[in-house]
1. Find the relative contact order for the chain and round it to a whole percent, using C-alpha pairs within less than 8 Å whose residues are 6+ positions apart.
2. Can you tell me the mean projection area, over all orientations, of the convex hull of the chain's alpha carbons? Units nm², please.
3. Keeping every protein chain in place, order T177, T7 by accessible area at 1.4 Å, biggest value first, i.e. largest first.
4. Hey, for a label at V2 modelled as a point 7 Å past Cα toward Cβ, could you say which residues of region 146-184 have their backbone N under 19 Å away?
5. What FRET efficiency comes out for K77 versus A171 if R0 is 35 angstrom and r is the Cβ-Cβ distance? Round to the nearest 0.05.
6. Given the options L70, L82, L42, which has the most mean-square fluctuation in a GNM of the chain, springs set between C-alpha atoms less than 10 angstrom apart?
7. Of N34, F128, W116, which is farthest on the positive side of the dipole of the chain, counting Cα position, with +1 on Lys and Arg Cβ, -1 on Asp and Glu Cβ, and the Cα centre as origin?
8. Per residue of region 23-30, in order, report the coupling 6.51 cos²θ - 1.76 cosθ + 1.60 (Karplus, θ = phi - 60°) as ³J(HN,Hα) in whole Hz, putting x for Gly and Pro.
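The values are calculated or read from the model by the stated rules, or taken from the named source; none is laboratory data. Bear in mind the structure is a predicted one, so any value in this text is a computation, not a measurement. All Cβ positions, even for glycine, are placed from backbone atoms using ideal geometry, and neighbour counts span all protein chains on display. These accessible areas exclude ligands, DNA and RNA; they are computed on the full protein's heavy atoms, side chains included. Shrake-Rupley method; radii C 1.70, N 1.55, O 1.52, S 1.80 Å.
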Amino acid sequence: RVRQAMTLLLDREKIIKDIYRGVGVVAKGFMNPNFAGSDPNLKPWPYDTARGMALLAEAGWKDRDGDGILENDKGEKFTFELTFFTGSEINQRLSTFIKDSYGAAGILVTLRGVDWSVGDTYRKQRDFDAMTMGWGANAPESDPRQIFHSEAIKDQGDNIGQWNSPAADAAIDLLITRMANADS
């Protein structure tokens, strides 16, 4: 619920329009929409702050003391640190947009701008709450297991978000099998 709420609270169309100058499409999954493995029937989650706030409330995050910041039932504030790589105006603008968007919803975001050499160490050691990164599947043979499969968590693999879902793993494995069969 929290992950979905965080997506619903972020106006990704506005990010594309204002930060990326209209170049891009809102993601509807990890697969490039131009690839054969992409399901044309899937639609991106909408920008829906009301639904996002409702999901956070269902998950126990509410403004319990009237200060405009969400807290859990223990009174802990909803806060996290967003690590981004410096040296890019887009990264700075994106990170600020994320901070402001979540701030409007009562979530405190602290920004940590780092040089790539330092940030890559943080990435490998999983020393971050959230990090701006991108993955561009740019060829038909791109394998989503590299980033999104639970096997890619091991040994400082590229699943830095440590997403671990047996259902997602099964879907990725099926997708890879179907893509391989389509190539045969």
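1. Numbers: 237 pairs, mean separation 33.1, N = 184.
Normalised by residue count, the contact order of the chain is 18 percent.
2. Details: hull surface 48.0 nm².
With every direction weighted equally, the projected area is 12.0 nm².
3. Details: T177 75, T7 40 Å².
Result of the area sort, largest leading: T177, T7.
4. Within reach of a label on V2, which here means backbone N under 19 Å from a point 7 Å along Cα→Cβ, region 146-184 contributes 160-166.
5. On the way: r = 35 Å, r/R0 = 1.00.
It comes out at approximately 0.50.
6. Highest fluctuation among the options: L42.
7. Most positive-ward Cα: N34.
8. 8, x, 9, 5, 5, 10, x, 7
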